[in-house]
1. Being in contact with a Leu (Cβ under 8 Å, 6 or more places away or on another chain), of a type in the set (A, V, I, L, M, F, W, C) and at pLDDT 85 or above narrows it down to one residue among LEU286, LEU336, LEU344; which is it?
2. Can you name the residue in segment 298-321 that is farther than 23 Å from VAL263 by Cα and hydrophobic (A, V, I, L, M, F, W, C) and is also least open to solvent (accessible area, probe 1.4 Å) among such residues?
3. Looking only at residues in segment 74-107 that are open to solvent by 20 Å² or more (accessible area, probe 1.4 Å) and more than 12 Å from the chain's Cα centre (by Cα), which one is modelled with the highest pLDDT?
4. Give the residue that is nearest to MET326 (Cα to Cα), with candidates limited to residues of segment 136-163 that are in a helix (DSSP H, G or I) and not hydrophobic (A, V, I, L, M, F, W, C).
5. Restricting the search to segment 20-62, which residues are buried (at least 18 other Cβ atoms within 10 Å of the Cβ) and among the small types (Gly, Ala, Ser)?
6. If the Cβ limit is 6 Å and pairs must be 6+ apart or interchain, which residue in segment 270-284 that is within 23 Å of ALA53 (Cβ to Cβ) pairs with which residue that is open to solvent by 10 Å² or more (accessible area, probe 1.4 Å)?
7. hydroxyl-bearing (Ser, Thr, Tyr) and crowded, with 16+ Cβ neighbours inside 10 Å: does that describe THR341?
8. For segment 163-197: of the residues being aromatic (Phe, Trp, Tyr) and under 18 Å from ALA304 (Cβ atoms), which is surrounded by the fewest Cβ atoms within 10 Å (Cβ to Cβ)?
Amino acid sequence: MAGQSTHRIPVWAVLAPFAAGGVLALKLTGMISATAPAILALAVALLGISVFAAVHHAEALALKVGEPFGSILLAIAVTVIEVALIVSILLSEAPGSSAVARDTVFSAVMIVLNGVIGLCLVLGGRRHFQQSFQVEGASATLAVLGTLAVFALVMPNFTDATRGPNYAPVQLLVVGLVSLALYVVFVFVQTVRHREYFLDETVAVPAFIAPSDAVAAASAVLLMLSLAAVVLLAKLLSFPLTLAVQNAGLPLSFVGVVIAAVVLLPEGLAAMNAALSNRLQSSINLALGSAVASIGLTIPAVAAVSLIFGVPLVLGLSDEDMVLLMLTLFAATLTLGTGRTTVLQGAVHLVIFSVFLLLSVIP
């Protein structure tokens, strides 16, 4: 995890969900205007703090349950936040809302595999020269990630049942179910059948003090409250976010980049801190696990929303994004296929990430 646990929960992590709840209550009672610039700025700040609070509480619980359960718990918490943001925009019927799931999931994969992994390898390699990890776990995770990414983001462009980047309803249902099933199998392998593939056995790591039962119980309750605050604030900010992107002259797909960056920031910082501590196995578990959960859990959730509420769901990537995705998966396979990394592999991924950001702003 990001650091050694303590037996106290930071005050800000306790107050964040309650402060968010107070603002939402004032908005629902009509005492404040949700469109006022000052209120929007306050809501954005509280959303960011609530995201960090949710991840902090998830980290406390993760320390209690141990690895690799901790990484899975963090990934699920982050994915819940991601799904909340996506669904809030998807149901708002704002311009470009039908493609927000595709843009967010694609951005999450690119940020994780290129931005987070690249920075972890560069920072870790600069301090420790060469780092190692268990190739069996990384290869298995990449196989799952690549399969899910192609099914969710590439295959919709080549189906005959519908024209364009959409699945037919039956296809969407099946793809959502098999994505969820594959994620469940992945979690089973990671936690039960081959748990040893995801544990760091080559580097002596410092011992981490698990929180007490009382702190863990409090974190569990506060995690639920923080996630609820994020969901409700996301609903409040969904339309203003789309409007702000439009007014800035950016493509509507940039909304997905913003959502992915917000939800992945805390976990990305934890992964980079682990790499600096020469715990690259933990970095890879955190980064790749969040990417797999981003597709394996998000796609079934938004597919269900699309089918239940009858809202359109665009999933197929553009040609340039498909090329970037294939290049990213190819580079990641080579980078994580030997069990050893240096700054060179990190530099390759950061270059790909810079091009992704360029094309996100100037398609």
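The values are calculated or read from the model by the stated rules, or taken from the named source; none is laboratory data. Source: prediction; values computed, not measured. Heads up, the Cβs are rebuilt from the backbone with ideal geometry, glycines too, and the neighbour counts pull from every protein chain shown. Accessible surface is based on the protein model in full, side chains and every heavy atom, while ligands, DNA and RNA are left aside. Shrake-Rupley method; radii C 1.70, N 1.55, O 1.52, S 1.80 Å.
1. Values: LEU286 fails: at pLDDT 85 or above; LEU344 fails: in contact with a Leu (Cβ under 8 Å, 6 or more places away or on another chain).
None of the other options fit; the residue is LEU336.
2. First, pick out the residues of segment 298-321 that are farther than 23 Å from VAL263 by Cα: 307-312, 318-320.
Going one step further and asking which of them are hydrophobic (A, V, I, L, M, F, W, C), we end up with 307-309, 311.
On the way: LEU307: 73, ILE308: 129, PHE309: 129, VAL311: 20 Å².
Ranking the qualifying residues of segment 298-321, first place goes to VAL311.
3. That would be ARG102.
4. Taking segment 136-163 as the starting set, the residues that turn out to be in a helix (DSSP H, G or I) are 136-158.
Next, only the ones that are not hydrophobic (A, V, I, L, M, F, W, C) stay: 136-137, 139, 141, 146-147, 156-157.
Numbers: GLU136: 21, GLY137: 21, SER139: 16, THR141: 16, GLY146: 9, THR147: 12, PRO156: 15, ASN157: 15 Å.
My answer is GLY146.
5. ALA20, ALA43, SER50, ALA53, ALA54, ALA58, ALA60, ALA62
6. If the second residue must be open to solvent by 10 Å² or more (accessible area, probe 1.4 Å), the pairs left are ALA270/ALA2; ALA271/VAL116; MET272/LEU119; MET272/LEU123; ASN273/ALA2; ALA274/SER282.
7. On the way: hydroxyl-bearing (Ser, Thr, Tyr): yes; crowded, with 16+ Cβ neighbours inside 10 Å: yes.
Here the answer is yes, as THR341 does meet what is asked.
8. If we filter segment 163-197 for residues that are aromatic (Phe, Trp, Tyr), which is where we start, we get 167, 183, 186, 188, 197.
Pick out the ones that are also under 18 Å from ALA304 (Cβ atoms) and you get 167, 183.
Working: TYR167: 24, TYR183: 22.
So, considering only residues that are aromatic (Phe, Trp, Tyr) and under 18 Å from ALA304 (Cβ atoms), the one surrounded by the fewest Cβ atoms within 10 Å (Cβ to Cβ) is TYR183.
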